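The values are calculated or read from the model by the stated rules, or taken from the named source; none is laboratory data. Just so we're clear, the structure is a prediction, and the values are computed from it rather than from any experiment. Positions of Cβ are backbone-derived with ideal geometry, glycine not excepted, and every protein chain shown enters the neighbour counts. Side chains are part of the model used for accessible areas, which takes the heavy atoms of the whole protein and leaves out ligands, DNA and RNA. Shrake-Rupley method; radii C 1.70, N 1.55, O 1.52, S 1.80 Å.
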Amino acid sequence: MKRRDFLKMTSISTLLAAGEWMGLSNVFAQFPSKSVSGYSNGSYQSDSSMEHRKLKGLDVSAIGLGCLPMVGYYGGKFDKRDMIALIRRAYDKGVTFFDTAEVYGPYTSEEWVGEALAPFRKEVKIATKFGFGVEERQPTALNSHPDHIRRAVEGSLKRLRTDHVDLLYQHRVDPNVPMEEVAGVVKDLIQEGKVLHWGMSEASAFSIRRAHAICPVSVVQSEYAIWWREPETKIFPTLEELGIGFVSYCPLGRAFLTGMIDENSRFKQGDRRWNLPRFTPEALKHNMPLVALVRKWAQRKGLTPAQFALVWILSRKPWIVPIPGTTHPGHLDDFLGAGIIRLSAWEMEEFDKEYAQIDLMGHRADPFTESQIDK
């Protein structure tokens, strides 16, 4: 038996065993590891040992790749060739789910993702987003008007070098455009074959229900991590009721949970964290006990802190997929090492009890960003 096939079989066995103990065997049985054929010339071969999950019919790797940091979101300038190589490295290691948006750059992230994935486009799922006035040169203004949505999608298809988007998100709910109107446009795009699945980002339960009544929502994306758990009470019950999948962005707490940031870390303008309340000097110092807790549990499970942060998310629900981002091959290899290790029910309960003893300081978003999040 080949090593890859052996790993695949043991991966499934381990998942089913854990699921059986937790009463989730029937659920996990729906998410087997899936072999992904390599690029035709043999240059690229995806690792088939990665667990796959279904987000309301959308089959993706259990860990996806967020492609926002590559455009300098956290500072720095990165070479196009290096980032394309990084995206392909992720595919080599079993990642089949890649997240981007027209506003990332703007446009740059979509262009690099499109070029990187072109050789094996049929083997991967690409998610992109509309919802900001990029075409109108107002990239910080919300815009989900029908004519804008269509222009945005046509531009994304061109940049992504494809004839369809696997998952199209509304980046933010636009209070000036009725949700039913937005859903109607996306429904038309799905009927035209330009979009396969619809998603929403940072949407409230009320908006999700309104949208879903017109055009079925496959996925909702929101920030979710050990230190930001609001979705559990705000939208998880609705998602579970409607059978909608969930994608977690910033699952590593913008690197805070990896242990690479300490109380002496400082951020300059140009790094997204420079004006976030949780990254002020006072908040960093105050929140260090959480880093210590994550590190303790990572050591207990034989993981790195980044791996543990992802394992924690993957252990919460079988319909959750985190999409950590990076610009560094070593960091990519690290967090993809989260593999098939999961926390048992009693481990999650024990961790939560310790977590509840920690008082966290600072909100996750700055006031302007918070003003554009649907409540």
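Full extension of the chain between GLN299 and ASP147 yields a length gain of 49.5 nm, computed as 0.36 nm times the residue separation minus the alpha carbon distance. Calculated over the chain, the projected area of the Cα convex hull averaged across directions stands at 17.9 nm².
Segment 226-297 and segment 299-336 have Cα centres lying 13 Å from one another. Between TRP228, TRP319, TRP198, the Gaussian network model of the chain with springs among Cα atoms under 10 angstrom shows the greatest mean-square fluctuation at TRP228.
Charged neighbours of ALA101, selected by a Cβ distance under 10 Å, balance to -2 (K, R count +1; D, E count -1). Our estimate of slack between GLN138 and LYS122, defined as 0.36 nm per intervening residue step minus the Cα-Cα distance, is 2.4 nm. For segment 168-254, relative contact order (Cα pairs under 8 Å, six or more residues apart, normalised by length) works out to 28 percent. FRET efficiency for the pair GLU241 and LYS54, taken as 1/(1 + (r/R0)^6) with r the Cβ-Cβ distance and R0 = 22 Å, rounds to 0.85. Here the accessible area is traced with a 1.4 Å probe on the protein chains. For the chain, carbon and sulfur cover 52 percent of it. Between the C-alpha center of segment 182-214 and that of segment 99-115 there is a gap of 21 Å. Considering only beta bridges that DSSP places wholly inside segment 186-269, some 10 percent are antiparallel. Normalising the average separation of contacting C-alpha pairs (under 8 angstrom, six or more residues apart) by the number of residues puts the relative contact order of the chain at 16 percent. Taking amide H positions as modeled 1.01 Å from N, with prolines and chain starts lacking one, the residues under 5 Å from GLU102 and 5 or more places away or on another chain are LYS129. Note on the chain: with charges restricted to the Cβ of Lys and Arg (+1) and Asp and Glu (-1), its dipole about the Cα centre is near 760 debye. Checking understanding here: applying a Kyte-Doolittle mean of at least -1.0 and a length along the axis of at least 24 Å (C-alpha), which whole DSSP H helices in the chain pass? Membrane-span-like by this criterion, though nothing is claimed about a membrane: 3-21. Mean sequence separation of contacting Cα pairs (under 8 Å, at least six apart), scaled by the length of segment 47-164, corresponds to a relative contact order of 23 percent.
Run lengths n ≥ 4 of DSSP H only: what is the helix-derived mean residue ellipticity at 222 nm for the chain, with -39500 (n - 2.57) per run over all residues, to the nearest 500?
-12000 deg cm²/dmol
Distance between the pseudo-spin-label points of GLU354 and ARG229 (7 Å out from Cα toward the beta carbon): 1.4 nm.
Would you mind classifying segment 162-226 by shape? Square roots of the alpha carbon gyration tensor eigenvalues, ordered a ≥ b ≥ c; an a/c under 1.5 is rounded, otherwise it is prolate if a/b is larger than b/c and oblate if not.
Verdict is oblate for segment 162-226.
Past 27 Å, Cα to Cα: identify those pairs from LYS80/LYS125; LYS56/LYS353; LYS80/LYS317; LYS93/LYS234; LYS80/LYS285; LYS268/LYS317, in the order given. Those over the limit are LYS56/LYS353; LYS80/LYS317; LYS93/LYS234; LYS80/LYS285; LYS268/LYS317. By DSSP, the beta bridges lying fully in the chain are antiparallel in about 25 percent of cases. Taking the Cα centroid of segment 154-179 and of segment 60-82, what is the distance between the two, rounded to the nearest whole Å? Answer, in whole Å: 19. Per residue, the solvent-accessible area of the chain (1.4 Å probe, heavy atoms of protein chains only, all protein chains present) comes to 42 Å². Packing, taken as the mean count of other beta carbons within 10 Å per residue, orders the peptides 130-142, 244-256 from highest to lowest as 244-256, 130-142.
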